[in-house]
Amino acid sequence: MSNDKNENVMQKSVINWYPGHMKKTKDEITKLLPIIDIVYELIDARIPFSSKIINIDNLIKNKIKILIMTKKDLCDLTITNKWIKYYEDKGYHVLLLNLNDNNEYKKIIELTENLCREINEKRASKGLKSKEIKSLVIGIPNVGKSTLINKLAGKKVANVGNMPGITKMNSWLKTKYNVMVLDTPGILWPKIDNDNVALNLATMTAIKQEVLPKDEVAYYILKMLSDYYPNILKERYSLDKFDIENIEECYQILAQKLGAFLKNKEIDYDKISNIVINDIKNEYIKGITFDRGI
Ligand SMILES: Nc1nc2c(ncn2[C@@H]2O[C@H](COP(=O)(O)OP(=O)(O)OP(=O)(O)O)[C@@H](O)[C@H]2O)c(=O)[nH]1
Ligand SMILES: [Mg+2]
């Protein structure tokens, strides 16, 4: 595998995938903002840098905002905690949550009530009735926006799926709380200015699987596990190290462990890549944070 070749493949795929609707989405958000009280920006706790939406803070700078790190149950808490501090130091209100948990999301309501208290206090001082808080949920594909909305609503109102682009439509939803919520009116995307960001997004299934250079993504995952989570690499794939110097031998061990041989006894690289990628997608591999630049 030549790195040059793979980098080209990755960038080409990402560009192909890029829907070009970013401006339209941002224009729609700008139009909506006057009626929004609070913005929930979701990022994936496993990639708290790579999953942050590009330039979104300029757009919503005057709004109350909570940065919600999702998938707490899948991340490496030691590293993710450093990212929490990083964002808190920048002035964000940050919550790290497992959105599949039936209680954790309630922290969002608590914080929302605290942050938005003034709105209704002001209204009360003018003799006005208190109003429902209007929230907007934003985030790149697959971070858990619909999961959060369903939790707040207390029932399934939005489609959830472990692939990007599941949500296609949006409308105001009432929740069990004094909060109304709106899903992002379109697709938002982070700044993909280097291959690591692109590979992180591919690893955490934010990019459509059909356009992925699968071998490169799997190679990246194995390399990251080798560098930062050697115990997982050993347990799951029987490898002490994903050693670039002995790459053929590594793939031989992987093929043996995963039963990935073609009829002619050649290594089935495609099968290995699929298994590795799906091991993350299906949450067999947990406790990982791939944004390490902190
Ligand atoms: N383990 C775990 N999985 C989560 C969490 N939050 C969301 N998920 C899963 O992540 C996948 C994507 O969730 P969605 O709620 O569909 O994400 P979305 O942001 O609405 O995605 P799009 O509509 O495609 O933009 C689903 O398989 C969810 O079950 C979490 O905190 N922990
Ligand atoms: Mg959705």
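Each reported figure results from applying straightforward, stated rules to the coordinates on display, with no laboratory input. Quick caveat: nothing in here was measured; it's all calculated off a predicted structure. Here the Cβ positions follow ideal geometry from the backbone for every residue, glycine too, while neighbour counts run over all protein chains shown.
Output the 0 to 90 degree angle, nearest 10, between the alpha-carbon long axis of helix 106-125 and the longest principal axis computed from the alpha carbons of the chain. Long axis of 106-125 versus the principal axis of the chain: about 20 degrees.
When ASP27, ASP291 are arranged by Cβ crowding within 10 Å, least crowded first, meaning fewest neighbours, the order is ASP27, ASP291.
Cross-link check: pairs LYS85/LYS281; LYS24/LYS63; LYS31/LYS191; LYS90/LYS176 evaluated at a Cα-Cα cut-off of 30 Å; pairs beyond the cut-off: LYS90/LYS176.
Against the main long axis of the alpha-carbon atoms of the chain, helix 214-228 sits at an angle near 80°. Taking Cα atoms only, the orientation of helix 22-32 departs from the longest principal axis of the chain by about 20 degrees. If you take every DSSP beta bridge whose two residues both sit in the range 19-183, what share of them, in percent to the nearest 5, is antiparallel? Taking every DSSP beta bridge with both residues in the range 19-183, the antiparallel ones total about 10 percent. Name the residue, out of GLY91, GLY127, GLY259, whose mean-square fluctuation peaks in a Gaussian network model built on the chain with Cα pairs under 10 Å. Answer for the Gaussian network model of the chain: GLY127. Using a Gaussian network for the chain with springs between C-alpha atoms less than 10 Å apart, which of these wobbles most: PHE261, PHE242, PHE49? Top of the fluctuation ranking is PHE261.
Among ILE79, ILE109, ILE68, the largest mean-square fluctuation in a Gaussian network model of the chain (Cα springs under 10 Å) belongs to ILE109.
Each other residue within a Cβ distance under 10 Å of ASP73 adds +1 if Lys or Arg and -1 if Asp or Glu, for a net charge of 0. For the chain, the 222 nm mean residue ellipticity estimated from helices alone, with every DSSP H stretch of n ≥ 4 adding -39500 (n - 2.57) and the total spread over all residues, rounds to -13500 deg cm²/dmol. Quick one: work out the % antiparallel among DSSP beta bridges in the chain, nearest 5. The antiparallel proportion sits near 15 percent.
With the convex hull constructed from alpha-carbon coordinates only, the chain shows a mean projected area of 16.6 nm² over all directions.
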